[in-house]
Amino acid sequence: MIDLRSDTVTRPTDGMRKAMAEAEVGDDVYAEDPTTRELEERTAELFGHEAGLFVPSGTMGNQIGMRLVAEPGQEVLCDADAHVVTYEMGAAAAIFGLSTRTVVSDRGLLDADALIAQVRPQGDSYLTGTAAIAVENTHNRGFGRVQPLGELQKLWDWSRGAGVAVHLDGARIWNAHVASGVDLATYGRLADTASVCFSKGLGTPVGSVLLGSAQRMATARLWRKRLGGGMRQVGVLAAACLYALDHHLPRLGEDHENAQHLAERLGVDPASVETNMVVLDDVEAPVLAEAAKAQGVLVSQVSPSRVRLVTHLDVDRTGIDRAADVLTELLDR
Ligand SMILES: *Cc1c(COP(=O)(O)O)cnc(C)c1O
């Protein structure tokens, strides 16, 4: 099977499994797991933050991250297609008592002015105060769109004077970094809290790191435990993440090249492909997906007329070409 549904489907490589097997471990609830501490420190340094906290999922990273910068009854503002309000099971409301408000965007493209225009003051006795704005880079429902640095900077510069925090959902920030050439630390500097995932393009079985100030990460540690996310000899998983930084981050550009190649072969405008996702529009998604599956190619149906293909480290150029053969034949039919 050539599985192009998502970059989450990768399996740990032999090298990664070896690193996991050999990891030095301790009880991380006592903060005694050296490999986890190394991962937290190294990731914090990469993004120019004071501290990091290893969490089981990007959802937990985002939700704790937002809770650190907003109090129950306050609101977090974000775009209407943001992962934090689309795919996280209403956690902000269900668990943390946060209100969310959304602004419709052009396929996830960050528009600082449009968000800023919707911000409501804190400390009012009538209005729901906006405590934070959440941004997503790359944008998942924007099909891997990279946010313009200028917009991120504009939002950040405005937020300092306004007393509004910025949370970055950086599940695929690695892809943004590779595609744009912008330093991870530059992206990191433009957020108060950030969640970055290792289980997408970097190919680990699990794991995200939440980033922020040392004080905020100390509070995040309490929330993680409260949510049942305190983990013990979790260095076996942190080792996979460290391995991914060394071995999988440097190769991430291959996924982008494969996506470009796939787009060209499928007649999709390569300019619409910024990172590792290709979208087929105006197709009969269920029919195409079913027929492709019968020929060993798995794709994701994102709507009845839209199919998404995601490149990742478990599909090489030969696999991409085979998938393109199958899909072009089906699209021609
Ligand atoms: C995958 C993803 C997450 C986190 O998802 P988990 O499955 O909880 O790890 C968060 N934000 C974006 C944009 C994502 O694509």
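The values are calculated or read from the model by the stated rules, or taken from the named source; none is laboratory data. The structure presented is a predicted model; accordingly, all values stated were derived computationally and were not measured. We place every Cβ from the backbone using ideal geometry, glycine too, and count neighbours over all the protein chains shown. Please note that ligands, DNA and RNA were not included when accessible areas were found on the heavy atoms of the full protein model with its side chains. Shrake-Rupley method; radii C 1.70, N 1.55, O 1.52, S 1.80 Å.
Structure above, values below:
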{"read-out": "Area of residue 197 that stays accessible when all protein chains are in place (1.4 Å probe, Å², to 10)", "value": "10"}
{"read-out": "Using alpha carbons only: equivalent-ellipsoid semi-axes of region 196-241, gyration tensor based, whole Å", "value": "20, 13, 9"}
{"read-out": "Leading residue at positive end of dipole, the chain (Cβ point charges), from 60, 301, 30", "value": "30"}
{"read-out": "Relative contact order of region 251-332, defined on C-alpha pairs under 8 angstrom at six or more residues apart (%)", "value": "33"}
{"read-out": "Cα gyration tensor shape for region 158-273, rounded if a/c is under 1.5, else prolate or oblate", "value": "oblate"}
{"read-out": "Structure-based [θ]222 nm, the chain - -39500 (n - 2.57) summed over DSSP H runs of at least 4, per residue, nearest 500", "value": "-12500 deg cm²/dmol"}
{"read-out": "Nearest-10 value in Å² for the accessible area of residue 177, using the 1.4 Å probe", "value": "50"}
{"read-out": "Most positive-pole-ward Cα, 181, 278, 78, against dipole of the chain from beta carbon charges", "value": "78"}
{"read-out": "Relative packing of 237-249, 103-115, 157-169, which averages over residues the other C-beta atoms within 10 Å, highest first", "value": "237-249, 157-169, 103-115"}
{"read-out": "Two-decimal Rg/Rh across region 68-154, once Rg and the Kirkwood Rh are taken from alpha-carbon atoms", "value": "0.97"}
{"read-out": "Accessible surface ranking that places the most exposed of 126, 87, 187 first, with a 1.4 angstrom probe", "value": "126, 87, 187"}
{"read-out": "Residue 247 versus residue 101: modelled label distance in nm, points set 7 Å from Cα along the beta carbon direction", "value": "4.8"}
{"read-out": "At q = 0.11, 0.13 Å⁻¹, base-10 log of I(q)/I(0) for the chain (Debye sum, equal scatterers on each alpha carbon)", "value": "-0.71, -0.97"}
{"read-out": "Nearest 10 degrees, 0 to 90: helix 214-226 Cα axis against the chain principal axis", "value": "70"}
{"read-out": "Inter-label distance for residue 254 and residue 185, nm, one decimal - labels placed 7 Å from Cα along Cα-to-Cβ", "value": "2.8"}
{"read-out": "Dipole magnitude of the chain, debye to nearest 20 (Cβ charges: Lys/Arg +1, Asp/Glu -1, about Cα centre)", "value": "740"}
{"read-out": "Per residue accessible area in Å² of region 14-247, where ligands, DNA and RNA are left out and the probe is 1.4 Å", "value": "40"}
{"read-out": "Angle between the chain longest axis and helix 317-332 axis [Cα atoms, degrees, rounded to 10]", "value": "70"}
{"read-out": "Degrees separating the helix 149-162 axis from the principal Cα axis of the chain, which is the longest one", "value": "20"}
{"read-out": "Mean separation of Cα contacts under 8 Å, 6 or more apart, over the residue count of the chain: relative contact order %", "value": "25"}
{"read-out": "Gyration tensor (alpha-carbon) shape descriptor, region 195-333, a/c threshold 1.5", "value": "prolate"}
{"read-out": "Surface share of carbon and sulfur [accessible, 1.4 angstrom probe, percent] for the chain", "value": "48"}
{"read-out": "Region 248-308: Rg to Rh, with Rh as the Kirkwood radius over Cα pairs", "value": "1.01"}
